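First comes the structure, then the notes that go with it.
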Amino acid sequence: MLKILVTGATGNVGTEVIRLLRSQNCHICAGVRNPMNAQQMLGSNVECIAFDFTNPDTFVNAFENVNKLFLVRPPALANVRKQIVPALNAAKFAGIEHIVFLSLLGAEHNSFVPHSKIERYINQLGIPATFLRCSFFMQNLHTTHRQDIKTYGELLLPAGNGKTSFIDVRDIAAVAVRTLTEDGHQSRAYALTGGEALTYYEVADIFTSILGKPVRYHPNALKFIRRMHSLGLSIDFILVMLAIYTTARLGLAGDITSDTEQLLNRSPLTMRQYVEDYRHFWL
Ligand SMILES: NC(=O)c1ccc[n+]([C@@H]2O[C@H](COP(=O)([O-])OP(=O)(O)OC[C@H]3O[C@@H](n4cnc5c(N)ncnc54)[C@H](OP(=O)(O)O)[C@@H]3O)[C@@H](O)[C@H]2O)c1
C-alpha cells in the first residue's frame, strides 16, 4: 500500500490533506513534533510519527518505507540550508519516490524566497517532484487577521487598492491529494490561484454582508505594524507580511491562472464561500 508522509500535518494545508487522504487507499503518516497531541487532533487511521526538521534524529524513523512526501516548510524556518536541506538529504537517502512541495506563486522568479531554494535543491537531488505554487491563502483571514475582524470590525493591512487572487487551502489540499495519489504529476509545477482577484475593500464588503456587521478595510502600514506587534508576532514575521502586502499593493498578486480549475475539474472556491463556511471564527 502507498505510504504517504504528510509534514505540516497540524497546519492549515496539512490538516486538509490528511482529511482528504482518508478516502484514498493509502497508509497516511503525519510527521509531527508532538505525536500525542497530533493523534488527538487528527484521530484514528493516521499514524502520527515524530518528525522535526531541526532534529535529524527523527528522520530515519519518519521516512522509513515512505513512498511519497507532502512537504510543507514551516513559516518560521527560513534558513533552508540549515533547517530544510538535512531533511531533504534524508528523504533522498531513504529512497522517497516523489515529493509534492507546498510552494509559493512566483517562486521560480524570486530566488531569494525559501521556496525557490527548496525547489532548486529538490531538483538538484533528483527526487521526482511536483511544485504547488500557491497564491495568498484565504485562511490567513481567520488566523492572522481573525482578532482584528472579530473584535474591531477591521481589516487592517497595507495592501492599498491592489487585487489578490486568494486561494482556499481546501482547494490546495484537493490538488495535493490528486498529485500524490495519481500518476503523471512528476516534474510538474502548478500555479494555484483562486478564480477571482479581489481588493481588500471588496473582501471587507463580503465580510460585512455575510457577518451582518460592518467590517472596514484600513490600508495603514504603521497601524498594521503596531497591531501585529501587539499580537506578539516577531519583527521578522511582520516584515515578511509587509513585503507580501506590498506585492499586492503594487498590483503583483492579482494574476489568475487556470491550473486549479483544470486539476479539480470545477471552479475554485470563492471568497464568499470561504467566509460563509468559516463565519463562526469572526462572530
Ligand atoms: N499563508 C499564505 O498565504 C501562503 C501562500 C503560499 C505559500 N505559503 C507557504 O505555506 C507554508 C505554510 O503552510 P501552512 O499555512 O499550512 O502551515 P501552518 O498552518 O503555518 O503550520 C505550520 C506547520 O509546520 C509544523 N512545524 C513547525 N515547526 C516545525 C518543525 N521544526 N518541524 C516539523 N514541523 C514543524 C507545525 O506543526 P506543530 O507546530 O504542530 O509541530 C504546523 O503543522 C509556508 O511555507 C508558507 O510560506 C503560504
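Roll a 1.4 Å probe over the protein chains and send me the accessible area per residue for the chain in Å². Can you show the working numbers first?
Details: 13320 Å² over 283 residues.
Counting only protein heavy atoms, the per-residue value for the chain is 47 Å².
Round to the nearest 0.05 the FRET efficiency obtained for Met41 and Leu283 when R0 = 22 Å and r is the Cβ-Cβ distance. Efficiency, from the Cβ-Cβ distance: 0.40. Only helical DSSP H runs with n ≥ 4 go in: add -39500 (n - 2.57) per run for the chain, normalise by residue count and round the 222 nm mean residue ellipticity to 500 deg cm²/dmol. My calculation for the chain gives -11000 deg cm²/dmol from helical runs alone.
Where both bridge residues fall in the chain, DSSP classifies roughly 5% of the beta bridges as antiparallel.
Rolling a 1.4 Å probe over the protein heavy atoms of region 3-134, with every protein chain left in place, gives an accessible area that is 50 percent carbon and sulfur. Only Cα pairs under 8 Å and 6+ residues apart enter the sum, and on that basis the relative contact order of region 3-134 stands at 21 percent. The lysines within cross-link reach of Lys92, meaning a Cα-to-Cα straight distance under 18 Å and a gap of 8 or more places when in the same chain, are Lys3, Lys68, Lys82, Lys117. Computed about the Cα centre, the dipole magnitude for region 3-134 is approximately 220 debye when only Lys and Arg (+1) and Asp and Glu (-1) carry charge, each at its Cβ.
Treating only the Cβ of Lys, Arg, Asp and Glu as charged (+1, +1, -1, -1), what charge dipole size does the chain show about its Cα centre? Round to the nearest 20 debye. Show your work: numbers first, answer last.
On the way: 27 positive and 23 negative charges, 117 e Å.
The calculation lands at about 560 debye.
Rounded to the nearest 10 degrees, the inclination of helix 114-125 to the longest alpha-carbon principal axis of the chain is 20 degrees. Comparing mean-square fluctuations of Thr260, Thr58, Thr130 from a GNM of the chain with C-alpha springs under 10 Å, the top value falls on Thr58.
Helix 169-181 axis versus longest C-alpha principal axis of the chain: approximately 20°, rounded to the nearest ten.
When Lys and Arg each count +1 and Asp and Glu each count -1, what net charge do the other residues less than 12 Å away from Val32, Cβ to Cβ, add up to? Write down the numbers at each step before the final one.
Working: positive: Arg33; negative: Glu47, Asp52.
Taking every other residue near Val32 into account, the sum is -1.
Along the axis of the charge dipole computed for region 3-134 (Cβ charges of +1 for Lys and Arg, -1 for Asp and Glu, origin at the Cα centre), the listed residues Asn79, Pro35, Asn45 are led at the positive end by Asn79.
Note on region 127-275: dipole from Cβ charges, positive end direction compared against Ala191, Tyr201, Ala176; the farthest Cα belongs to Tyr201.
Subtracting the Cα-Cα distance from 0.36 nm times the residue separation, let me have the gained length for Asn25 to Lys223 in nm, one decimal. Could you put the intermediate results ahead of the total?
Numbers: separation 198, 0.36 × 198 = 71.28 nm, distance 4.92 nm.
Between Asn25 and Lys223, full extension yields an extra 66.4 nm.
For Ser230, the accessible surface of its heavy atoms amounts to roughly 90 Å² (probe 1.4 Å, protein chains only, rounded to the nearest 10).
The values are calculated or read from the model by the stated rules, or taken from the named source; none is laboratory data. In this text the structure is predicted, and so the values were computed from the model without any measurement. Using ideal geometry, Cβ is built from the backbone for each residue, glycine included, and neighbour counts are taken over all protein chains shown. For the accessible areas, the whole protein counts, side chains as well, though only heavy atoms, and no ligand, DNA or RNA atoms are used. Shrake-Rupley method; radii C 1.70, N 1.55, O 1.52, S 1.80 Å.
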